[in-house]
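Novice: Pasting a structure below so you can have a look.
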Amino acid sequence: VPPPLSPQAFPLPSLSRRLPTLLVACGPAQTGAIGLVCARHLRSFVGDTGTRRCRCRCRLQVQLINDAYNAVVDAVLGAEAEVAEGTEPCAAVLATLKHVRIPIVSLDVPSGWVAGRGGSSDLRPDVLVSLGAPKEAARRFQGRRHFLAGRFVPEELQRKFGISPRRYPGSDCVVAL
Amino acid sequence: DRCRCFPRRAMHVPSAGSGPTGLRFLGQEEAQAIDQELFTEYKFSVDQLMELAGLSCATAIAKAYPPSSFTTSQPAVLVVCGPGNNGGDGLVCARHLKMFGYQPTVYYPKRPSKPLFEGLTTQCKKMDIPFLPEFPTEAAFIDELYGLVVDAIFGFSFKGAVREPFGSILSTLERVTVPIASIDIPSGELWLHLPEEGARQGGPSSSLAMGLVAGWDVEKGKADGLQPDMLISLTAPKKAAMHFTGRYHFLGGRFVPPALQEKYALNLPAYPGTDCVLQLT
């Protein structure tokens, strides 16, 4: 029986830098907004985090990202994305993120997976956090940790949409899948 | 070339841990000033903070009174919601309690006609949380049906006299024997007019030197005001909390940005990990 999983995929002692620094990449729509909320809470979880949300149009260098950050939160595109993936600056951001070597945590859907067909050119996140219920694209996820979050879907809605109910432990707002 | 997106090194911001002066208890004006700053400077919406506040309350309740600890056949909770934001916190709390496996029932006699409160009410109703048409007439009925009462009647910004039906409700709740969990500040005029120095021995009911507190009739004998078993202080504890003598005091509302904590020297102890509540006692 595997030991109980901590909801924290990256507990603070495991981060190699003195201060945990995370790059939160926020896209133009709802997923990006969720990334902003995530960044704010991450900041309050650790007083000294150097969380940054980068929305500039500059060219993001893969090596600089690998050096400056411990992990990337991918909040660029979600399940709604079809058109946005091809437009700047999202396309450039995703092109860069596909090559980083530090872990990527994707919110809801790995950015670009919905529009893409799957394959080696896709973003490969280490952790996926499905929101509300896992999306179709999550079937292809092969990373290390898959969490369900967004503990707000009433039972009636879960039944109506055939979402198999998941037991969140106690009053936790995430469950490891 | 490095753009400004890349930190030279992560900025070191000293976290607001316990200072040498310890945890601070806020006066009404100060608490309101912090709230104002959260809305006007930090651009939080009322919805956002109310959701986090209500979630904290439900989480604290789940820690202190887990469903397995109830002697009633179901973990039944009565949530009494007042006419303002404290009531809104209660509605959010009820919804999360339902998610956590409790059976909440709400009493919400005075409902503001604003989308925020109408929405919160709809969410509860669509999750099969019953709304009582009238308040139980006897404390004994409450004791029999529920294992816990959540007091979400009045918060720290309450001013003036207690209007009906809340006077009668509070009188009944004072006689209830099941635990009461109060959100932010125990409801009732007694708690708003406490002296601002530290707790007197025996709690707010003890000393005649308290003088004439509005609504507290010395002749009534054991008219102690609400004596909750649990208090969930939101953001930071208020001065009234210095007189709290219940078993559980939790801090919730983990949304005050570090810079704001610094500015007001809140000296909040560190929340454990990613928890949204901190047990103070």
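What follows draws every value from the coordinates through simple rules; no lab data is involved. Keep in mind that what you see is a predicted model, and the values were worked out from it rather than measured. Cβ sites come from the backbone with ideal geometry, for glycine too, and all protein chains shown count toward neighbours.
Novice: Subtracting the Cα-Cα distance from 0.36 nm times the residue separation, let me have the gained length for A:R140 to A:E88 in nm, one decimal.
Specialist: 16.1 nm
Novice: Using a cut-off of 28 Å between alpha-carbon atoms, which lysines can reach B:K239, once sequence neighbours fewer than 8 places away in the same chain are excluded?
Specialist: Counting by Cα, and skipping residues close in sequence, B:K239 has these lysines nearby: B:K43, B:K63, B:K110, B:K159, B:K220, B:K222, B:K263.
Novice: Would you mind ranking B:H249, B:H193 so that the residue whose beta carbon has the fewest other beta carbons within 10 Å leads the list?
Specialist: With the fewest neighbours first, B:H249, B:H193 line up as B:H193, B:H249.
Novice: Ranking B:E174, B:E41 by Cβ neighbours within 10 Å, fewest first, what do you get?
Specialist: B:E41, B:E174
Novice: Determine ³J(HN,Hα), in whole Hz, for all residues of the range B:176-181 in sequence, where each value follows from phi through the Karplus function 6.51 cos²θ - 1.76 cosθ + 1.60 and θ = phi - 60°; x replaces Gly and Pro.
Specialist: 6, 9, 6, x, 10, 10
Novice: Considering only the other residues whose Cβ falls under 13 Å of the Cβ of B:E51, what net charge follows from Lys and Arg at +1 and Asp and Glu at -1?
Specialist: Taking every other residue near B:E51 into account, the sum is +1.
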